[in-house]
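Here is the structure we will look at, set down as structure tokens.
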Amino acid sequence: GACRALGTETMQRVLPAAHTLPLYDVAATRAIEARAQTGLGAGILMQRAGLALARLALALAPHARGIWVAAGPGNNGGDGFEAAMHLQRWGKRVAVSSLADAVSQPADAREAMQRAIAAGVAISDSPQIGFAPDLAIDALLGIGARRAPDDRVASWMRRLNALTCTVLAADLPSGLHADTGVALGADGVSASHTLSLLTLKPGLFTSAGRDLCGEVWFDRLGLDDPQTPPTAWLSGASDLHTLPLRRHAQHKGSFGDVTVVGGAAGMSGAALLAARAALAAGAGRVYVDLLDSHGPTHDSQRPELMFRPGWAGSAPELLGAAVVVCGCGAGDAVREVLPKLLSHVRRLLLDADALNALAADTQLQNLLAARAGRGHVTLLTPHPLEAARLLGCSAAQVQADRIGAATRLADTWNCVVVLKGSGSVIAAPGRVPSLNPTGNAALAGAGTGDVLAGWLGGWWSQSGAQASMSGAFDVARGAVYLHGTAAHQIHRGALRAGDLIERMHALNRDLGDLNDSTDSTDSIDLSELSD
């Protein structure tokens, strides 16, 4: 309803997205902006941005009487002045608190400020506005912010966070790093809604971005810029379509074998969760090689699983025929089986303790580095601490640049990487990385990573016997998207890992139903999968 109320076709609610969307970092956004200003002339982009902000503000709070605009010293503040001018003309009571310095204020922002004054907008240099606003616009800091705000800006940001009304952020919440999603300082604005202008920025969708941005909207300000390659892609529901339809005459051998190697003493549950997920994902046959010699020999909940103790020591031709998921609950015992797996498995997913073993052993690292040269494909699924161990840095450094960390891992080991966390990053050598927009903290529980690893293995086994980096990358994007989507209706508490498998299985089945409905595709809305 809000989009229709805006009276503009250029604005969209970003999530859930049916298709992938390009993301541009600050450098790319600046280049797009410079080219646009050359063609449009000074001030036009700011005028369009201010009008877009005002329209969204009116759509979000149509009955608001008093509106407060907190305007910073740069062009982000200029966008706020333009919005204030329109809202004032539309009959709202508007007050602007401005941090602008007449000497350093950019020319476009200064002209926008003069237009707001001419429209009757009250402007002061104090956040004390004399009334309780029904809506506030955060236009303090824009994409140029690179360090924690000074005390005065931080105090205004705290005042915005203390409001009980809707807070709309212009371009991005003040105090958020546009490229990395890191909160700059302790007082980043927590917005109800964010209107990203001209481009979508990666920081809106990873690290602290999702928590600070609220609902994300996008207005490209009437421009497309095919000249500038995106920094990353935001995955959409279309990424789920990674597997072909099953033909009537196919059999279990058509859908590949998955072997889960893991489950050391006391941790067999992790391996079983991964195996159950691979089975639910549609693998033809799933084997379990528990590293605990005294572990269970069957799974009463899923008797379809076949237990094969010592499978990791099999002949090379047998090892090479299956997709292997290694590391779930594997403990230190995984060190003994990794050399053979790294040497002979053509499609190998390494998770959890397998990654920790790699980080501590240069001989294993050499085996990993040699895999791509033999045409073998590796998929790593670290959380930030595991990624940090592999990179020889701290988890905080990984989180400070999640896209950069995932890309370094992928390039270093010549493999596909899924860096888990808020806005999981999927990276591969020579590919533009993807950010995953689905999921929430309902997945922050024991076993959910094992489920993802197993599901990845199950989908990967069906993508054809020919291993390829590109195929693994596409499977990873789809599986991570589905994994997150399964948590979307869970708003309180955790989603248990066993239940997560069943939810993913149900979603995957429904996706198959959509694929089958080829004669009525015009009535299908893929975004429903993310509702």
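For residue 252, the aspartates and glutamates whose Cα falls under 18 Å of its own Cα, not counting residues fewer than eight places away in the same chain, are 304. When both bridge partners sit in the chain, DSSP labels roughly 20% of those beta bridges antiparallel. The alpha carbons of the chain occupy a box of 81, 53, 43 Å along the principal axes, longest dimension given first. The angle between the Cα long axis of helix 402-413 and the main principal axis of the chain comes to about 30°, on a 0 to 90 degree scale.
When 1/r is averaged over all different Cα pairs and the result inverted, which Kirkwood radius in Å belongs to region 74-203? That comes to 14.8 Å for region 74-203.
Per-residue surface analysis assigns residue 24 an accessible area of about 30 Å², computed on protein heavy atoms at 1.4 Å probe radius.
Distance between the 7 Å Cα→Cβ label points at residue 101 and residue 265: 6.6 nm.
Sorted by average packing, counted as other Cβ atoms within 10 angstrom per residue and highest first, what order do 101-109, 350-358, 217-225 take?
Packing order, densest peptide first, comes out as 350-358, 217-225, 101-109.
The accessible-area ordering, largest first, of the residues 174, 192 stands as 192, 174, per a 1.4 angstrom probe. Angle of helix 26-40 to the longest C-alpha principal axis of the chain, folded into 0 to 90 degrees and rounded to 10: 40°. Is the C-alpha gyration tensor of region 103-160 telling us rounded, prolate or oblate? Criteria: a/c under 1.5 is rounded; beyond that, a/b larger than b/c is prolate, otherwise oblate. Verdict is oblate for region 103-160.
With the simple spin-label model, which puts each label point 7 Å out from Cα in the Cβ direction, the residue 374 to residue 161 separation comes to 5.2 nm.
Under 15 Å from the 7 Å Cα→Cβ point of residue 393, by amide nitrogen: which residues of region 158-180? The answer is 179-180.
If you take the Cα centroid of region 8-57 and the Cα centroid of region 470-507, the two points sit 31 Å apart. How far apart, in nm, are the 7 Å Cα→Cβ label points at residue 307 and residue 248? Each label point is offset 7 Å from its Cα along the Cβ direction, giving 4.0 nm. Think of a 1.4 Å ball rolled over the protein heavy atoms: the chain then has 40 Å² of accessible area per residue. Taken along its three principal axes, the alpha carbon spread of region 279-391 comes to 40, 29, 26 Å, from the longest extent down to the shortest. Paramagnetic label reach from residue 37 (point 7 Å along Cα→Cβ; backbone nitrogen cut-off under 19 Å): within region 98-138, residues 100-115. With the convex hull drawn over the C-alpha atoms of region 245-337, the volume per residue is 94 Å³. For region 1-138, the alpha-carbon radius of gyration amounts to 1.09 times the rule-of-thumb value 2.2 N^0.38 Å expected for a compact globular protein.
For region 287-302 and region 77-100, what is the centre-to-centre distance using only Cα atoms, to the nearest Å? The two parts, judged by their Cα centres, are 65 Å apart.
Kirkwood radius and radius of gyration were both taken over the C-alpha atoms of region 380-435, and their ratio Rg/Rh is 0.91.
In this view, the solvent-accessible surface of residue 117, computed with a 1.4 Å probe and all protein chains in place, comes to about 80 Å². When the surface is traced with a 1.4 Å probe over the full set of protein chains, residue 200 keeps roughly 0 Å² accessible. Residues 336, 317, 82, sorted by accessible area with the largest first, give 336, 317, 82 [1.4 Å probe; ligands and nucleic acids excluded].
Shown are 340, 252, 201, 420, whose ranking by accessible area with a 1.4 Å probe and every protein chain present, most to least, is 252, 340, 420, 201.
Counted residue by residue at 0.36 nm each, then reduced by the alpha carbon distance between them, the extension gain from residue 336 to residue 470 reaches 45.3 nm.
Against the compact-protein benchmark of 2.2 N^0.38 Å, the Cα-based radius of gyration of region 62-142 scales to 0.97. Calculated FRET efficiency, residue 499 to residue 297, Cβ-Cβ distance, R0 = 30 Å: about 0.75 to the nearest 0.05.
State the percentage of accessible surface on region 8-55 attributable to carbon and sulfur atoms; use a 1.4 Å probe and exclude ligands, DNA and RNA. Here it works out to 52 percent.
The values are calculated or read from the model by the stated rules, or taken from the named source; none is laboratory data. What you see is a predicted model, and the numbers here were worked out from it, not measured in a lab. Note: ideal-geometry Cβ built from the backbone for every residue, glycine included; neighbour counts use all protein chains shown. Protein only, heavy atoms only, side chains kept; ligands, DNA and RNA dropped before computing areas. Shrake-Rupley method; radii C 1.70, N 1.55, O 1.52, S 1.80 Å.
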